[in-house]
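Computed from the coordinates by the stated procedures, all read-outs in this text should not be read as laboratory data. Just so we're clear, the structure is a prediction, and the values are computed from it rather than from any experiment. Please note: Cβ atoms are built from the backbone with ideal geometry, for glycine as well, and neighbour counts cover all protein chains shown.
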Amino acid sequence: MAVDLGQMAELLIAGKVDDVEKMTEQAIDDGMDPSDILQKGLIAGMDVVGQRFKACDMFIPEVLRSAKAMGAGMKQLRPKLVASGAKMAGTMVIGTVKGDLHDIGKNLVGMMFEGAGFQVVNLGIDLDTQVFVDAVKEHKPELLGMSALLTTTMPKMGEVINALKEAGVRDQVKVMVGGAPVTEEFAKEIGADIYGANAASSVDKAKEVLEA
Amino acid sequence: MKSVMPDMQPMNQTVQETPVFQVLTEDQIEQIYFSALEVLERVGSRVHHDEALELFRSSGDAVVGDDKRVRVTTSLVERALKSYPRKITLKGRNGVRSVALQKDHVYFGTGSDLPFTYDRKTGERRRTQYKDIVDAARIVDYLPNFDFFMSHGIVGDAPNPLTYDRHQFMAMLEGCTKPYVVTSVDGEGLEDLWKMACLFQGGENEFRLNPMFVAYIEPISPLTNDRTAVEKLLFAAEKGIPAMYTPCPSSGATAPATIAGMLVQSLAETLLAIALCYLKRPGMPLIMGGVTTVMDMRTTTYSYGAPEMALASAANTDISKWLNLIMFSTGGCSDAKVLDEQAAIESTLSNLTAFLSGANLVHDVGYIDSGVNASLESLVMNNEIIGMVRQVGKGIKTDEAHLALKVIDEVGPGGEFVTHDHTYEHWKEWFLPKLMDRSDWETWNAEGAKTMLDRVNDETQRILDEHEPQPIDDNTRKELKKIIDDADKRHSK
Ligand code: B1M
């Protein structure tokens with residue numbers, strides 16, 4: 001029996017990580033079109049999750065479980081999508097800057113992007129400027145995300161942007177910054193492309209910029 | 001306490017004058033405590049500090065894993081627990097030993113390091129500056145219901161992020177003469193702050209007897225101890241500086257989503273520091289802490305206004321009393337973006353529960369915007385709230401004079417009490433509102449129909465215009481400056 005993508009979307013909404021992963025695998029094995037699996041299964045589910053979250057019918061633990069399911073499905077699907085040249089969300093590299101140990105906010109942002117279909121490389125916390133630059137060279141992400149929760153470490157984000165310029169890779173990647181003391185104004189000042197106030201709105205904003 | 005009633009047979013009855021508020025039974029506390037010990041034996045806690053790892057390794061009472069995970073025996077923890085002082089008295093730079101940290105003595109103070117300040121003149125949120133810290137300090141120096149001062153904001157205009165703590169402490173010293181709780185960049189920063197404080201207390205040993213501040217230090221939940229935090233802790237232990245190691249878990253994100261689970265985890269985090277400081281120097285004045293709250297599941301905000309924060313904090317205080325540890329707790333704070341009704345509601349709830357639970361140092365009073373934004377007005381409003389809370393906490397006296405049988409007899413049916421001596425004597429025991437309005441409609445209108453917020457704003461401005469704290473003498477000022485300048489020089493290279 002062919003995989004029911006509608007059911008896959010339902011399972012994703014319900015946050016059934018293993019089931020979604022298995023079903024994606026099954027769908028691939030059945031020879032279904034990877035683009036269809038993505039659009040009618042995974043993304044269809046995540047769209048509902050997004051709407052329900054905005055309507056306060058779903059909450060963070062549920063949303064991030066669905067995001068995890070999305071990530072699990074994407075792990076199976078990504079190679080097929082790449083092979084078929086289908087359109088999909090790209091890679092995001094994310095980390096907390098040098099001197100800063102705040103972890104959880106950055107992780108939640110990463111999970112949300114996973115839910116949006118991105119491949120997320122989470123570099124960790126307290127990262128040297130060079131680590132960001134090297135990661136951009138290595139992973140060639142569409143998006144580089146930096147988090148800073150301290151006024152004292154915020155300037156490091158500007159340093160990374162300058163280092164990206166010096167390394168000649170600034171134009172290859174959109175830069176997003178966020179964290180409690182960071183503002184839209186500050187983001188502009190240091191030449192970042194996107195300011196993210198919270199995990200959910202960051203995804204919307206990034207998509208807008210990346211799809212423009 | 002026995003109360004003997006007049007004209008009656010003495011009754012063998014215990015009379016409780018203060019409200020009793022306990023959110024955990026002793027059995028529950030034991031369950032949480034034993035679970036925390038189990039976490040330390042089974043899961044352990046990661047320690048990113050070589051000396052600390054060596055202390056654990058050579059103790060024979062801990063196992064250090066390759067991943068720097070330290071697992072600790074109950075035997076070590078229980079020996080350590082017995083070594084901590086049950087009383088620490090702080091002395092302000094005004095020379096008054098005003099904060100006696102001991103069971104059920106409750107003191108209120110600000111929080112620290114808020115990156116933004118709500119500017120009452122422009123109505124905008126802007127970055128906090130040195131002058132804002134001095135202003136907050138002056139207000140706290142003036143307000144009678146504040147007992148200690150944390151910086152409230154962070155000095156955003158300091159020359160170097162690596163030395164901002166010295167400048168911040170200077171601003172605190174300038175504006176406030178009450179005892180402090182200080183945050184520092186690292187061990188070296190704490191050392192400088194301690195040297196600055198010793199200038200006032202008359203040296204290192206005097207500081208031990210009359211500490212002017214408590215050092216604020218935190219682990220990273222879950223179960224992680226970073227290098228700088230441990231560095232500060234070990235320095236505090238070495239010098240006998242009172243310090244707290246205060247976990248800041250958010251239930252559902254960096255701790256289990258159940259309050260009990262969060263309490264277990266944060267107690268395990270505390271007990272690790274209890275064991276470590278004991279190995280470094282038994283008996284150092286360590287204080288238990290905890291900003292235990294939930295992460296809001298709609299916004300991801302670390303909530304400073306959730307009822308769960310108030311409840312979990314009270315539970316933590318119950319645990320601290322059972323362990324004979326002094327408690328650093330949280331209250332008077334809010335998730336509201338500006339000082340509004342929400343701020344008043346949330347501040348009141350957490351102040352009340354913190355007081356009734358008997359926490360010793362209740363901090364973060366005046367935080368708005370979930371610990372991101374500073375409001376001077378919030379300090380002024382909270383002063384009134386704490387006044388009311390303290391009144392509730394005083395409870396009801398039931399001795400002869402207070403039962404007032406004689407007076408009831410004298411006045412008799414249909415009389416009045418207003419002009420009676422008894423009233424003249426006792427009404428002053430009541431809370432006297434300063435900002436709460438109890439006037440009639442006519443009068444209120446005639447006086448400008450001012451809302452609570454108007455009155456709070458006026459009072460804030462009046463204090464800022466009028467209150468000058470006791471100045472720091474020129475000599476001390478010079479020496480303070482030297483410590484700060486030296487630090488700036490060391491770090492400018
Ligand atoms: C790439 O694109 C993007 C896009 C969006 C992005 C993004 C990146 N990054 C974040 N976002 C955004 O989306 C996320 C999800 O919605 C959000 O992330 P958040 O991280 O904001 O949200 C989390 C889900 C929940 N929020 C949090 O977890 C942070 C809460 C508060 C209370 C906080 C916590 C919990 C902690 N802290 Co720290 N801490 C505070 C915080 C006050 C606050 N309200 O922010 C803040 C940030 N801390 C502060 C301070 C002072 C400190 N902290 C410190 C330590 C810690 C803990 C380790 C105890 C703990 C973190 C534990 C952990 N596992 O992460 C110390 C510094 C350690 C270091 N070197 O980093 C220390 C310096 C304290 C000290 N003196 O020891 C203050 C900042 C002061 C300043 N300089 O600006 C502070 C505002 C609290 C305060 N008023 O004191 C958005 O900001």
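What to note about this one:
- Derived scalar couplings ³J(HN,Hα) [the stretch B:98-106; Karplus, 6.51 cos²θ - 1.76 cosθ + 1.60; whole Hz; x for Gly, Pro]: 9, 10, 9, 6, 7, 3, 6, 8, 10
- Of B:LEU311, A:LEU77, B:LEU339, the sequence from fewest to most neighbouring Cβ atoms within 10 angstrom is B:LEU311, A:LEU77, B:LEU339.
- Shown here for the stretch B:296-339: trypsin sites (Lys or Arg not before Pro) in loop regions (DSSP other than H, G, I, E, B) with at most 16 other Cβ atoms within 10 Å, namely B:ARG298, B:LYS337.
- Amide H to amide H, with H built 1.01 Å from N, B:ALA257 comes under 5 Å of B:GLY252, counting only residues 5 or more places away or on other chains.
- Set of lysines near B:LYS87 by C-alpha distance (under 22 Å), chain-local residues within fewer than 8 positions excluded: B:LYS103, B:LYS178, B:LYS232, B:LYS239, B:LYS280, B:LYS321, B:LYS394
- Taking a sphere under 15 Å around the Cβ of B:ASP335 and counting the other residues whose Cβ falls inside, with K and R at +1 and D and E at -1, yields a net charge of -4.
- Footprinting exposure proxy for A:HIS139, B:HIS402 (fewest neighbouring C-beta atoms within 10 Å first): B:HIS402, A:HIS139
- Cβ-based net charge around A:LEU149, under 10 Å, with every Lys or Arg adding one and every Asp or Glu removing one: -1
- Calculated [222 nm] ellipticity per residue, helices only, for chain A: -16500 deg cm²/dmol; basis is -39500 (n - 2.57) per DSSP H run with n ≥ 4, divided by all residues, nearest 500.
- Overall shape: rounded for the stretch A:90-211, with the ratio a/c of the largest to smallest alpha carbon gyration tensor axis below 1.5.
- Ranked by how many other beta carbons lie within 10 Å on average, peptides B:165-174, B:324-333 from highest: B:324-333, B:165-174
- Helix-derived mean residue ellipticity, 222 nm - over chain B, DSSP H n ≥ 4, -39500 (n - 2.57), to 500: -14500 deg cm²/dmol
- Relative contact order, percent, chain A [alpha-carbon distance under 8 Å, six or more residues apart]: 17
- Positive-end residue of B:ALA310, A:LEU210, A:VAL93, charge dipole of the protein assembly as shown with Cβ unit charges: A:VAL93
- Loop-resident GluC sites (Glu not before Pro) (DSSP state other than H, G, I, E or B) in the stretch B:371-420 with no more than 12 further Cβ atoms inside 10 Å of their Cβ: B:GLU416.
- Shape of the stretch B:253-403, Cα gyration tensor, a/c cut at 1.5: oblate
- Based on Cα contacts under 8 Å between residues 6+ apart, chain B shows a relative contact order of 18 percent.
- Distance from the stretch B:93-168 to the stretch B:13-91 (C-alpha centre basis), Å: 30
- Exercise: per-residue mean of other protein chain Cβ atoms within 10 Å, A:98-104: 4
- Annotation: amide H-H contacts under 5 Å for B:LEU101 (H modelled 1.01 Å from N, sequence separation of 5 or more, or interchain): B:ILE88, B:THR89, B:LEU90.
- Of all DSSP-defined beta bridges confined to the protein assembly as shown, some 30% are antiparallel rather than parallel.
- Sorting A:MET8, A:MET88 from the fewest to the most surrounding beta carbons within 10 angstrom yields A:MET88, A:MET8.
- DSSP H segments from chain A that extend 20 Å or more along their own axis, Cα-based, with Kyte-Doolittle mean of 0.0 or above: A:60-84
- Here the contact order of the stretch A:90-211, divided by its residue count and restricted to Cα pairs under 8 Å and six or more residues apart, works out to 27 percent.
- Under 15 Å, Cβ to Cβ, from B:THR353 - net charge with Lys/Arg +1 and Asp/Glu -1: -3
- A crude spin-label estimate for the pair B:GLU54 and B:ASP488, with each label 7 Å from Cα along the Cβ direction, gives 3.6 nm.
- Prolate/oblate/rounded call for chain A, Cα gyration tensor, a/c under 1.5 rounded: prolate
- Among beta bridges that DSSP assigns inside the stretch B:81-393, antiparallel share in %, nearest 5: 30
- Computed 3J(HN,Hα) for the stretch A:90-95, one whole-Hz value per residue from the Karplus formula 6.51 cos²θ - 1.76 cosθ + 1.60 where θ = phi - 60°, is x, 9, 10, 9, 9, x, glycine and proline marked x.
- Rounded to 10°, Cα long-axis angle of helix B:130-142 versus longest principal axis of chain B: 40
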